[in-house]
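Everything below concerns the one structure shown next.
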């Protein structure tokens, strides 16, 4: 099935302001330096997304809850164009995409259905490759692919992170090891030999994965909120800590991270995406913010757009922000500062 799309930025803005499906938003938008370009209403719930070019086009790969994966052509950001879908057996709540052995694969965190791997080299014809199941009562929350090392990490609701060798794709992923961190693994980020995990009420763990067969915890620190996502650039870790906001740590010495600053939320920061000296936040129940982090000890707001809608995750690509707005679908914004 291909959905009818919003065909103009003006209509898109009206729909997003007043709400999509049964998720009403405020009829008033307040904004500064961030402009709404368009919205796209998905079948179910846009929980996560990943945007990247394939050949000469740009595509958004969407984790769409009970409807699985949606693939949207966003080359023309004002008119997103649905081109294909792949319905998984679970509830897709996160997605990451990577090139392995010359082919493009989507890794879908499919909740109680485990981790589903789909070949999306041809976005018009996604092909199932395989899946990694989980035990009853366990759920896959998120995944991270280290494409250079051809390693897949995926995080469980039980607090485990499983590590798989995906160097044989399209052959089956090969289990390497598992490490227990506690909490719920909401976000993962790898910088090669080091893995960072956002583990809900347990906080953040930094793990040595130099040898993925024997991962070990380097350090662990609790955060005041619920660690929901994490990204690392050079020596700094940025943690989306839900109602506690955005935390910035110096992790140049991973065995002894230092908290540098906190950026207060308007509601609940669940997702983050970084481009150069700007970090963009998905502030659930509020909207999107742009924060200058050129001085990590002093983050400064440089823009915002208030939608009062769900904001679960955010992805920066090519000068635009792509927001996973749950029942509100996908929204595309342009930061103008």
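Some points to look at:
- Taken over region 166-183, the criterion of being part of a strand (DSSP E or B) and surrounded by fewer than 17 Cβ atoms within 10 Å (Cβ to Cβ) is satisfied by 174, 175, 177, 178, 180.
- Looking across region 220-242, the residues that are over 18 Å from the mean Cα position of the chain (by Cα), surrounded by 15 or more Cβ atoms within 10 Å (Cβ to Cβ) and without any contact (Cβ under 8 Å) to a residue 60 or more places away in the chain come down to 220, 221, 223, 225.
- Annotation: residue 311 fulfils all but one of (1) touching a residue at least 60 places away in the same chain (Cβ under 8 Å); (2) assigned to a loop (DSSP other than H, G, I, E, B); (3) closer than 20 Å to residue 51 by Cβ; the unmet one is (1).
- Scan of region 314-337 for residues that are buried (at least 24 other Cβ atoms within 10 Å of the Cβ) and either at positive phi or in a loop (DSSP other than H, G, I, E, B) (or both), ordered by number: 325, 328, 329
- Residue within region 21-36 that is under 19 Å from residue 284 (Cβ atoms), modelled with pLDDT of 95 or more and either surrounded by fewer than 20 Cβ atoms within 10 Å (Cβ to Cβ) or touching a helix residue (DSSP H, G or I) at 6+ places or on another chain (Cβ under 7 Å) (or both) present: yes
- Being crowded, with 22+ Cβ neighbours inside 10 Å and at pLDDT below 95 holds for only one residue in 134, 118, and it is 134.
- Some residue of region 51-68 being closer than 17 Å to residue 326 by Cα, modelled with pLDDT under 95 and crowded, with 22+ Cβ neighbours inside 10 Å: no
- Region 184-195, subset touching a residue at least 40 places away in the same chain (Cβ under 8 Å) and not in a strand (DSSP E or B), residue surrounded by the most Cβ atoms within 10 Å (Cβ to Cβ): 185
- Checking each residue in region 196-213 for being within 15 Å of residue 149 (Cβ to Cβ), in a loop (DSSP other than H, G, I, E, B) and touching a strand residue (DSSP E or B) at 6+ places or on another chain (Cβ under 7 Å) picks out 209, 212, 213.
- Scanning region 267-277 for residues that are touching a strand residue (DSSP E or B) at 6+ places or on another chain (Cβ under 9 Å) and surrounded by fewer than 17 Cβ atoms within 10 Å (Cβ to Cβ) yields 267, 274, 275, 277.
- Sole exception among (1) more than 22 Å from residue 178 (Cβ to Cβ); (2) more than 20 Å from the chain's Cα centre (by Cα) for residue 66, by number: (2)
- Against the conditions (1) in contact with a strand residue (DSSP E or B) (Cβ under 8 Å, 6 or more places away or on another chain); (2) closer than 20 Å to residue 188 by Cβ, residue 121 satisfies every one except (2).
The values are calculated or read from the model by the stated rules, or taken from the named source; none is laboratory data. If you're wondering where the values come from, they're calculated on a predicted model, not measured in any experiment. When we count neighbours, we look across all protein chains shown, and the Cβ atoms used for this are built from the backbone with ideal geometry, even at glycine.
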